[in-house]
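Undergrad: Mind having a look at this structure? Questions to follow.
The values are calculated or read from the model by the stated rules, or taken from the named source; none is laboratory data. All values derive from a computational prediction rather than experimental measurement. Backbone-built Cβ (ideal geometry, glycine too); neighbour counts: all protein chains shown. Ligands, DNA and RNA are excluded from the accessible area calculation, which covers all protein heavy atoms including side chains. Shrake-Rupley method; radii C 1.70, N 1.55, O 1.52, S 1.80 Å.
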Amino acid sequence: MELKDIKSLTLYELENEISELGERGYRAKQIYRWLNLGIKTFDEMTDISKSFREKLKQNYMIANADIERKLVSNIDGTIKYLFKLYDGEYVEAVLMKYNHGYSICISTQVGCKMGCKFCATGKSGFSRNLLPSEMLAQIQTAQIDNDIRISNIVLMGMGEPLDNYDNVMKFLLLVSSPDGMNIGMRHISLSTCGIVDKIYALADEKMQLTLSISLHATNDKKRNEIMPINQKWNMESLIKACRYYSNKTRRRISFEYTMINGVNDSEEDAKELSRVLKGIISHVNLIPMNNIENGQYNRSSKKRIENFTKVLEKNGVNATVRRTLGADINASCGQLKRRAQQGR
């Protein structure tokens with residue numbers, strides 16, 4: 001018999017499951033509390049009888065994210081995790097400390113289908129979607145490992161969140177639940193490379209999270225070259241969806257723009273970006289590219305990034321250069337998994 005994924009259940013769903021097992025309803029809250037503390041086995045549920053724990057083992061599995069490798073930056077304390085999942089697959093997450101607390105960047109898929117040319121994750125191919133429980137487990141494992149509470153979540157690790165739409169929506173419901181980890185939507189950011197139909201769907205959910213668009217180019221010719229998704233949903237359709245999202249949610253959109261030397265970092269690119277974003281409540285994050293092993297692109301120089309920023313500001317676009325954290329541990333996702341696959 002295939003075991004059910006118990007950590008992906010809401011409290012209401014769990015109450016129904018426990019009732020079907022012939023147990024009293026209050027047991028569901030006990031179990032739910034343990035699951036949200038990040039326990040790895042049913043035997044850790046010390047206030048539940050051994051006989052009931054055995055019944056749970058026969059019917060359910062607890063999805064975990066076990067630490068396979070951990071790198072800690074000597075510069076700023078950023079921690080990069082390689083997690084091993086129940087089926088032997090690997091995902092990465094990055095824990096960052098800010099003045100306002102701890103943020104974690106988690107993965108939503110094992111690998112990625114999108115094939116962005118400057119991204120290490122895509123070079124490993126795609127294996128499968130993550131379960132809601134496996135997204136929760138990344139956060140819980142990092143909290144336990146550091147004896148902290150994480151206050152902010154970024155869905156910008158391995159994978160494309162909107163390509164795993166249903167599981168990501170369930171994760172958001174679970175992680176923001178007052179009965180669960182209780183991390184508010186305004187403390188969650190979701191990044192997409194531009195799956196247009198799902199941006200419309202997300203807008204209609206009216207969640208108060210921050211939507212981040214991985215833009216990285218200012219016209220179809222350049223975006224087609226570095227982001228294959230643009231051949232399905234071009235710039236015009238993407239920007240139209242962003243306007244719909246902004247109008248529907250009244251939330252500011254964050255546009256991610258990786259600075260790639262000689263590709264998208266000219267003064268004309270900055271002017272064109274200003275024209276593209278005109279009228280959208282937005283903020284642009286300029287990201288110094290992380291050079292990847294055997295990659296064909298390189299990071300823009302500091303001078304070119306500074307000039308690009310000045311042009312945007314001159315044209316009324318709110319922009320900042322993202323602070324590079326964990327530079328000494330290659331804190332962007334994808335590279336640890338590739339090395340694990342290669343036995344390094």
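Undergrad: Among the residues of region 256-272 satisfying the criterion of being of a type in the set (S, T, N, Q) and touching a strand residue (DSSP E or B) at 6+ places or on another chain (Cβ under 7 Å), which is most open to solvent (accessible area, probe 1.4 Å)? Step through it out loud before you land on a result.
TA: Filtering region 256-272 down to residues of a type in the set (S, T, N, Q) leaves 258, 261, 264, 266.
Those still in the list that are touching a strand residue (DSSP E or B) at 6+ places or on another chain (Cβ under 7 Å) too: 258, 261.
Working: Thr258: 12, Asn261: 77 Å².
So the residue we want is Asn261.
Undergrad: Right, Lys303: open to solvent by 30 Å² or more (accessible area, probe 1.4 Å) and within 19 Å of Ser212 (Cα to Cα) or not? Steps first, please.
TA: Values: open to solvent by 30 Å² or more (accessible area, probe 1.4 Å): yes; within 19 Å of Ser212 (Cα to Cα): no.
No.
Undergrad: What tally of residues in region 154-175 results from selecting those that are part of a helix (DSSP H, G or I) and either open to solvent by 30 Å² or more (accessible area, probe 1.4 Å) or among the acidic types (Asp, Glu) (or both)? Explain how you work it out, then say what you get.
TA: Initial filter on region 154-175 (part of a helix (DSSP H, G or I)): 161-175.
Narrowing further to those that are either open to solvent by 30 Å² or more (accessible area, probe 1.4 Å) or among the acidic types (Asp, Glu) (or both): 163, 166-167, 170, 173.
Within region 154-175, residues that are part of a helix (DSSP H, G or I) and either open to solvent by 30 Å² or more (accessible area, probe 1.4 Å) or among the acidic types (Asp, Glu) (or both) number 5.
Undergrad: Of the residues that sit in region 19-36 and are out of contact with any Asp or Glu (no Cβ under 8 Å at 6 or more places or on another chain), at pLDDT 95 or above and farther than 17 Å from Lys170 by Cα, which one is surrounded by the fewest Cβ atoms within 10 Å (Cβ to Cβ)?
TA: Arg33
Undergrad: Is one or more of the residues making up region 61-77 in contact (Cβ under 8 Å) with a residue 60 or more places away in the chain and in contact with a Pro (Cβ under 7 Å, 6 or more places away or on another chain)? Outline the logic, then answer.
TA: Going through region 61-77, the residues in contact (Cβ under 8 Å) with a residue 60 or more places away in the chain turn out to be 62-76.
With the extra rule that they be in contact with a Pro (Cβ under 7 Å, 6 or more places away or on another chain), the set shrinks to none.
Within region 61-77, none of the residues are in contact (Cβ under 8 Å) with a residue 60 or more places away in the chain and in contact with a Pro (Cβ under 7 Å, 6 or more places away or on another chain).
Undergrad: Next question, about the same structure. Which is more than 30 Å from Met227 (Cα to Cα) and not in a loop (DSSP other than H, G, I, E, B), of Ile148, Ile144, Ile139? If you could, list the steps in order and put the result at the bottom.
TA: Numbers: Ile148 fails: not in a loop (DSSP other than H, G, I, E, B); Ile139 fails: more than 30 Å from Met227 (Cα to Cα).
Just one listed residue meets the conditions, Ile144.
Undergrad: Still on this structure, please answer the following. Taking Leu202 and the conditions (1) part of a helix (DSSP H, G or I); (2) open to solvent by 30 Å² or more (accessible area, probe 1.4 Å); (3) farther than 23 Å from Leu286 by Cβ, which numbered condition does it fall short on, given that it satisfies the others?
TA: That leaves (2) as the condition not met.
Undergrad: Mind listing just one residue for me: the one in region 273-294 that is modelled with pLDDT under 95 and charged (D, E, K, R) and, of those, least open to solvent (accessible area, probe 1.4 Å)?
TA: Top of the filtered list is Glu293.
Undergrad: When only residues in region 215-230 that are open to solvent by 50 Å² or more (accessible area, probe 1.4 Å) and touching a helix residue (DSSP H, G or I) at 6+ places or on another chain (Cβ under 7 Å) count, which is nearest to Leu162 (Cα to Cα)?
TA: Here is the first cut: in region 215-230, the ones open to solvent by 50 Å² or more (accessible area, probe 1.4 Å) are 220-222, 224-225.
This time we only want the ones that are touching a helix residue (DSSP H, G or I) at 6+ places or on another chain (Cβ under 7 Å), so: 220, 224.
Values: Asp220: 21, Asn224: 19 Å.
Looking at the filtered set, the residue picked out is Asn224.
Undergrad: Could you list all residues from region 231-255 that are out of contact with any helix residue (DSSP H, G or I) (no Cβ under 7 Å at 6 or more places or on another chain) and either open to solvent by 80 Å² or more (accessible area, probe 1.4 Å) or in a loop (DSSP other than H, G, I, E, B) (or both)?
TA: Correct list: Lys232, Glu236, Lys240, Arg243, Asn247, Arg250, Arg251, Arg252.
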